[in-house]
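Structure record follows, encoded as structure tokens.
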Amino acid sequence: MRGRFIVLEGGDGSGKTTLAQTLAAALAADGQSVVATREPGGTPAGQALRALLLAADGPAFEPETELLLMTAARVQHVRQVIAPALARGAIVVCDRFVGSTLAYQGSGAGLDTARILALHRDFADDLWPDVTLLLDLPPELALARGRARLAASAANEGRFEARGLSFHARVRAGFLALARALPGWTVLDATQPADALLATARASLGA
Ligand code: TYD
């Protein structure tokens, strides 16, 4: 029996990472087999690519390079972690997936959606989430939260937060368009407190 593939999407600082952790813990406490993971990352190769991609002081990438590296990390993740977990019947809770590539490299950086979808089909086994929860927040609020969190942490991951408000506004609009166009997407109001957000997320999963 195939498990369930749940993905959380949203802008930087939308509270997605907190929700991914609390949701995975709540499902596990109910006795379900849960694999909590994230992108870019989720495998040793994916972590190495994450460090390269997100470092605020890293090399300047062309948008196409960024797309290929994000996709490379996803191929590793799908083959080595996500597909095997789903095959054993586990619930996979993943912080970001191909929706982020469509929103950031597509809507944000202007790459053609058809090319992103073709890469996903050809190299990432055309795997799509069963359910996607989109944490929606005005980018002004989300960026302030994200930058405060980065300033307080030791992680050198500020590359995307450093992009301007208009980039993040395009990312948000891209995510909302995906939620309208793709099956299984639910938009959650990310201005809610974390416990209310978890309750809404569980209700929309029926879990
Ligand atoms: P993440 O650590 O989830 O950021 P945050 O916790 O701030 O939401 O994601 C790292 C960054 O990588 C984020 O700014 C979005 C970007 N990203 C892409 O541009 N394309 C992708 O395909 C993925 C998975 C992430």
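Of note:
- Approximate spin-label separation residue 194-residue 64, in nm, with each point projected 7 Å along Cα-to-Cβ: 4.2
- A Förster radius of 30 Å, combined with the Cβ-Cβ distance separating residue 165 from residue 88, puts the computed FRET efficiency at roughly 0.10.
- Simple label model, 7 Å out from Cα along Cβ direction - residue 181 to residue 2, nm: 2.2
- The order of 128, 185 by accessible area, most exposed first and with a 1.4 Å probe, is 128, 185.
- Once the chain from residue 148 to residue 123 is taken as fully extended at 0.36 nm per residue, the excess over their C-alpha distance is 5.4 nm.
- For the chain, adding -39500 (n - 2.57) for each run of n ≥ 4 DSSP H residues and dividing by the number of residues yields -15000 deg cm²/dmol at 222 nm.
- Couplings 3J(HN,Hα) of segment 143-150, computed from phi: 5, 4, 5, x, 6, 4, 5, 5 Hz, in residue order, whole Hz [Karplus 6.51 cos²θ - 1.76 cosθ + 1.60, θ = phi - 60°; x for Gly and Pro].
- Report note on the peptides 9-19, 110-120: ranked by the mean count of other C-beta atoms within 10 Å, highest first, their order is 9-19, 110-120.
- The chain: C-alpha gyration tensor shape, a/c 1.5 cut-off, then a/b vs b/c: rounded
- Computed over protein heavy atoms with a 1.4 Å probe, the accessible surface of segment 4-205 works out to 43 Å² per residue.
- Surface composition of segment 148-205: carbon plus sulfur atoms hold 61% of the accessible area, using a 1.4 angstrom probe and ignoring ligands, DNA and RNA.
The values are calculated or read from the model by the stated rules, or taken from the named source; none is laboratory data. Being a predicted model, the structure only gives us computed values, none of them experimental. We place every Cβ from the backbone using ideal geometry, glycine too, and count neighbours over all the protein chains shown. Quick note on the areas: whole protein, heavy atoms, side chains included, nothing else; ligands and nucleic acids left out. Shrake-Rupley method; radii C 1.70, N 1.55, O 1.52, S 1.80 Å.
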